[in-house]
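The values are calculated or read from the model by the stated rules, or taken from the named source; none is laboratory data. Since the structure is predicted, the reported quantities are computational estimates derived from the model, not experimental observations. Cβ coordinates were reconstructed from backbone atoms using ideal geometry, including for glycine residues, and neighbour counts include every protein chain displayed. Ligands, DNA and RNA are stripped out before the accessible areas are found, and what is left, the full protein with its side chains, is counted by its heavy atoms. Shrake-Rupley method; radii C 1.70, N 1.55, O 1.52, S 1.80 Å.
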Amino acid sequence: MQKRIIIFDTTLRDGEQSPGCSMNLEEKCRMAAVLEALGVDVIEAGFPVASHGDFEAVHAVAQIVKNATVCGLARAKPADIEAAAKAIAPAPRRRIHTFIATSPLHMKHKLHMEPWQVLEAITASVTLARSFTDDVEWSAEDAVRTEPDFLCRAVEAAIRAGAQTINIPDTVGYALPTEYGSIFAMLLARVPGADSVTFSTHCHNDLGLAVANSLAGVANGARQVECTINGIGERAGNAALEEVVMAIRTRNDLLPFATGVDTTRITGASRTLSAITGFSVQPNKAIVGANAFAHESGIHQDGVLKHAQTYEIMTPESVGLARSDIVLGKHSGRHAFRARLGALGYTLDEVAVGAAFARFKALADRKKEVFEEDIIALVDDEIAASGEALQLAEMEVRAGTEGPQVCTLSMRVEGQRREARAEGNGPVDAIFKAIRQIVAHPGARLTLYQVHAVTGGTDAQAEVTVKLAEEGRTVVGQGADPDTLVASARAYLHALSKLLVKRGRANLNEA
Ligand code: KIV
Ligand code: ZN
């Protein structure tokens, strides 16, 4: 029997802390269902004390997840631990994850606490958490920069108080692999009771070493890895789940471990997250990037055709990517379309398939050939827009050499049709001004407007990304359409819908 590595997914907590990656309750539940189907062992659903919205989202996730353990984060404070306990209560399997910083820098400048006070807080917080659930995880924030002797004492205090999982975060992404691995070896050798708990890695990617460090932790005794889909997370992100899992699977000769992840669902999980957050992964991203299995050079193509393993260490199918040369067109039926969605890693209900199919048919009427990239952009756009408060209905733009450019736009605001006409300095400016007339948001700044052609050719779909910032909140929206201006309007409405959710829909009908 291979030893099992527990996959602790923190996409909905640490991942959500990336600027612009915040998710609302419905999006968190959708992502939690994807994570459960993927087979992760633990879903860290949020930080319940942080806000009412966070609490509600963790509580909602706890109601729908049946197999995975649902975890809530808490500082070493009674109010945090009580909120976490309440939020995760509906889940059949629940964990409280409590943490406190242990490095001299954090204890002195952030916590203003003496080391002995931190040790007391560890005992008190873990003891309180254990009064709500047997499954308690304790983390030493900034563990990598903690003095080894003090880290041993802190871990010992947590174990004595009843923590079953001990997490050693590289909070600032500072460690090198050999150094990080040796911390686990040291703790296992020195701390009384260390052999009775599960040690966990939690690595940030500031030096691009999060996955390498996590694997070094595993090689030295860690049996849980904390990670996120697409590696999203604070600053440079967390260890990417798909990279950790595929490294263990592909290099099982050197990493003789098993995970519970159904790797064929990796691509689908990555795409769902990108569609929800509006954050695409870069094309050369390992495992889930658009080029991860593409062979461009003649020598490589020739080699792969002769024997796939010449240049492929994993098959695209193993991560849920089934490449096909069959181009879909306007004569393709719903059945073939649904099958292609499945092959691309999407799991959509019939209503969503129907909506995406209608858009596919409209696209196929306008475009000679519909490629996989087109379908991905279209379905991501559909997933992003579904359930949003603001929906584009119709739009007409007058553009050309003679300004001003004019946009007449009609949209639905929570189901109610509203119209506006605006002039602008260019067509995109006119569109955004028309939207602003309908839903006022004077404090929001447009910090990114980006257009990318999904495929080659002048009939390619445009994929537009829009970023809005308002009072420290950042939201990202994406839209796709063969008409760049329609894609721009969709992206803006997607971002604005998210912004409205973030500010509690206070000004929704202000005009
Ligand atoms: O990076 C970190 O230290 C954390 C802890 C809260 C586990 O995210
Ligand atoms: Zn973290």
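Of note:
- Subset tally (residues that are out of contact with any Lys or Arg (no Cβ under 7 Å at 6 or more places or on another chain) and part of a strand (DSSP E or B)) for region 418-432: 5
- Considered as a group, the residues in region 93-144 that are open to solvent by 50 Å² or more (accessible area, probe 1.4 Å) and among the charged types (D, E, K, R) include one that is nearest to ligand 1 (Cβ to nearest atom), and that residue is LYS110.
- Taken together, ALA74, ALA84, ALA91 contain a single residue that is touching a strand residue (DSSP E or B) at 6+ places or on another chain (Cβ under 7 Å), closer than 15 Å to VAL136 by Cα and in a strand (DSSP E or B), which is ALA74.
- Hey, ARG417 more than 26 Å from the chain's Cα centre (by Cα) and touching a residue at least 24 places away in the same chain (Cβ under 8 Å) or not: yes
Table: residues versus (1) among the aromatic types (Phe, Trp, Tyr); (2) free of Cβ contacts under 8 Å to residues at least 12 places away in the same chain; (3) assigned to a loop (DSSP other than H, G, I, E, B).
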{"residue": "HIS109", "(1), (2), (3)": "no, yes, no"}
{"residue": "TRP116", "(1), (2), (3)": "yes, yes, no"}
{"residue": "LEU119", "(1), (2), (3)": "no, no, no"}
{"residue": "VAL126", "(1), (2), (3)": "no, no, no"}
{"residue": "ALA129", "(1), (2), (3)": "no, no, no"}
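- One residue stands out among those in region 232-275 that are open to solvent by 10 Å² or more (accessible area, probe 1.4 Å) and within 16 Å of ligand 1 (Cβ to nearest atom): the one that is nearest to PHE8 (Cα to Cα), which is ILE232.
- The single condition among (1) within 16 Å of ligand 2 (Cβ to nearest atom); (2) within 22 Å of ALA143 (Cβ to Cβ) that HIS109 does not satisfy is (1).
- Only residues that are crowded, with 24+ Cβ neighbours inside 10 Å, part of a helix (DSSP H, G or I) and charged (D, E, K, R) were counted across region 14-53, and they come to 2.
- Test: ASP206 is in a loop (DSSP other than H, G, I, E, B), open to solvent by 10 Å² or more (accessible area, probe 1.4 Å) and within 16 Å of ligand 2 (Cβ to nearest atom): yes
- Scanning region 220-237 for residues that are in a loop (DSSP other than H, G, I, E, B) and more than 12 Å from ligand 2 (Cβ to nearest atom) yields ASN220, GLY221, ALA222, ARG223.
- Hey, ASP195 under 31 Å from the mean Cα position of the chain (by Cα) and surrounded by fewer than 21 Cβ atoms within 10 Å (Cβ to Cβ) or not: no
- Remark: ALA453 matches the filter, which requires a residue to be in contact with a strand residue (DSSP E or B) (Cβ under 8 Å, 6 or more places away or on another chain), farther than 11 Å from GLY278 by Cβ and surrounded by fewer than 23 Cβ atoms within 10 Å (Cβ to Cβ).
- Residue, modelled with the highest pLDDT, within region 5-40, restricted to residues that are of a type in the set (D, E, K, R) and away from ligand 2 (no atom under 16 Å from the Cβ): GLU36
- ILE6 meets the stated requirement of being touching a residue at least 40 places away in the same chain (Cβ under 8 Å), within 16 Å of ligand 1 (Cβ to nearest atom) and either open to solvent by 10 Å² or more (accessible area, probe 1.4 Å) or among the polar types (S, T, N, Q) (or both).
- Region 147-191, residues that are in a loop (DSSP other than H, G, I, E, B), over 23 Å from SER131 (Cβ atoms) and away from ligand 1 (no atom under 16 Å from the Cβ): GLU147, LEU176, VAL191
- Filter result for VAL464 (assigned to a strand (DSSP E or B) and at pLDDT 90 or above): yes
- Qualifying residue in region 216-224 (condition: basic (Lys, Arg) and in contact (Cβ under 8 Å) with a residue 40 or more places away in the chain): yes
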